[in-house]
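K.L.:
This structure is in structure tokens; I'll ask about it shortly.
The values are calculated or read from the model by the stated rules, or taken from the named source; none is laboratory data. Everything numeric here is computed off the predicted structure, so don't read it as measured data. Using ideal geometry, Cβ is built from the backbone for each residue, glycine included, and neighbour counts are taken over all protein chains shown. Note: accessible area is taken over every heavy atom of the protein model, side chains too, but ligands, DNA and RNA are not part of it. Shrake-Rupley method; radii C 1.70, N 1.55, O 1.52, S 1.80 Å.
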Amino acid sequence: DQQVKQNSPSLSVQEGRISILNCDYTNSMFDYFLWYKKYPAEGPTFLISISSIKDKNEDGRFTVFLNKSAKHLSLHIVPSQPGDSAVYFCAAAAGGTSYGKLTFGQGTILTVHP
Amino acid sequence: GAVVSQHPSWVICKSGTSVKIECRSLDFQATTMFWYRQFPKQSLMLMATSNEGSKATYEQGVEKDKFLINHASLTLSTLTVTSAHPEDSSFYICSALNPGLADLTTRGEQFFGPGTRLTVL
């Protein structure tokens, strides 16, 4: 049972335009959501996160939106740059004794063309 | 920063042999480390939580006797795949929690190693 889903395996965007990566989840116990960026042969790198008490969090070019009722979140990258090309993973976490345990989506390969 | 290393980065072994993978936090002490595995084009799946000085806790469906985890010090956790079979071939990634950088508003204190590619022939 895939509790966190990224339904788009890949996304191609022109440099300077907006990249929107989507993520859906099913477990209502998740209260924290994170986005990671991963290059080949490297581990995931933390990008941005959002708590379930918020609906938006912004950090520079990256903004994450959370729609709790729809159990959906998205990552917006504006403007997109060729260096943003990587695999992006959405992850979810629950609190309590599950602290630190992350449930990942399948990842979306983002390609930003010059 | 917080750096996590893994060794080896890739390993090829024969079926039936055991393979040990090391995960080290290089510039911080990690009381908790996690082990994940990733199959091609799939998500990272949490296998177990490794706590320094105590037994690891395994996720449902993960055989603890097959995937031995030892967290002997605050900077080292090891995963041993015992009697490896071709179906164990996968990408294994560890992560470590750095409480010194913990920011509970971001939860960005978990740092990942580069991963180990295991191929069992």
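K.L.:
Does any residue of the range A:5-22 turn out to be open to solvent by 20 Å² or more (accessible area, probe 1.4 Å), part of a strand (DSSP E or B) and within 19 Å of B:SER95 (Cβ to Cβ)?
P.N.:
Taking the range A:5-22 first, the residues open to solvent by 20 Å² or more (accessible area, probe 1.4 Å) are A:5, A:7-12, A:14-18, A:20, A:22.
With part of a strand (DSSP E or B) added as a condition, the list becomes A:5, A:10-12, A:14, A:20, A:22.
After this cut, where a residue has to be within 19 Å of B:SER95 (Cβ to Cβ) as well, the list is none.
Scanning the range A:5-22 turns up no residue that is open to solvent by 20 Å² or more (accessible area, probe 1.4 Å), part of a strand (DSSP E or B) and within 19 Å of B:SER95 (Cβ to Cβ).
K.L.:
To continue, here is another question. State all residues of the range A:20-44 that are within 20 Å of A:GLN81 (Cβ to Cβ) and either within 12 Å of chain B (Cβ to nearest Cβ) or modelled with pLDDT under 90 (or both); if no residue qualifies, say none.
P.N.:
Matches in the range A:20-44: A:TRP35, A:TYR36, A:LYS37, A:LYS38, A:TYR39, A:PRO40, A:GLU42, A:PRO44.
K.L.:
Are any residues in the range A:61-114 within 14 Å of chain B (Cβ to nearest Cβ), at positive phi and either surrounded by fewer than 20 Cβ atoms within 10 Å (Cβ to Cβ) or polar (S, T, N, Q) (or both), and if so, which ones?
P.N.:
Within the range A:61-114, A:GLY96, A:GLY100 meet the criteria.
K.L.:
Take B:SER54 and tell me if it is open to solvent by less than 30 Å² (accessible area, probe 1.4 Å), of a type in the set (S, T, N, Q) and over 14 Å from the mean Cα position of the chain (by Cα). Full working, then the answer.
P.N.:
Working: open to solvent by less than 30 Å² (accessible area, probe 1.4 Å): no; of a type in the set (S, T, N, Q): yes; over 14 Å from the mean Cα position of the chain (by Cα): yes.
Here the answer is no, as B:SER54 does not meet what is asked.
K.L.:
Report, by residue number, each residue of the range B:28-48 that is in contact with a Gly (Cβ under 7 Å, 6 or more places away or on another chain) and of a type outside the set (Phe, Trp, Tyr).
P.N.:
Start the filter on the range B:28-48 by keeping residues that are in contact with a Gly (Cβ under 7 Å, 6 or more places away or on another chain), which leaves B:28, B:32, B:34, B:43.
Passing the criteria: B:THR32, B:SER43.
K.L.:
Check B:LEU76 against each of (1) more than 18 Å from A:GLU42 (Cβ to Cβ); (2) within 14 Å of another protein chain (Cβ to nearest Cβ) and name the one condition it does not meet.
P.N.:
(2)
K.L.:
All but one of (1) open to solvent by 50 Å² or more (accessible area, probe 1.4 Å); (2) touching a residue at least 60 places away in the same chain (Cβ under 8 Å); (3) assigned to a strand (DSSP E or B) hold for B:SER15, so report the exception by its number.
P.N.:
Of everything listed in (1) open to solvent by 50 Å² or more (accessible area, probe 1.4 Å); (2) touching a residue at least 60 places away in the same chain (Cβ under 8 Å); (3) assigned to a strand (DSSP E or B), B:SER15 misses just condition (3).
K.L.:
What single numbered condition from (1) farther than 27 Å from B:ASN98 by Cα; (2) of a type in the set (S, T, N, Q); (3) in a strand (DSSP E or B) fails to hold for A:GLN2?
P.N.:
(3)
Residues are listed down the side, and each one gets a yes or a no for (1) under 20 Å from A:THR103 (Cβ atoms); (2) in contact with a helix residue (DSSP H, G or I) (Cβ under 9 Å, 6 or more places away or on another chain); (3) open to solvent by less than 10 Å² (accessible area, probe 1.4 Å); (4) within 11 Å of chain A (Cβ to nearest Cβ):
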site	(1), (2), (3), (4)
B:SER25	no, no, yes, no
B:ALA30	no, yes, yes, yes
B:TRP35	yes, no, yes, no
B:ALA72	no, no, no, no
B:VAL81	no, yes, yes, no
B:PRO86	no, no, no, no
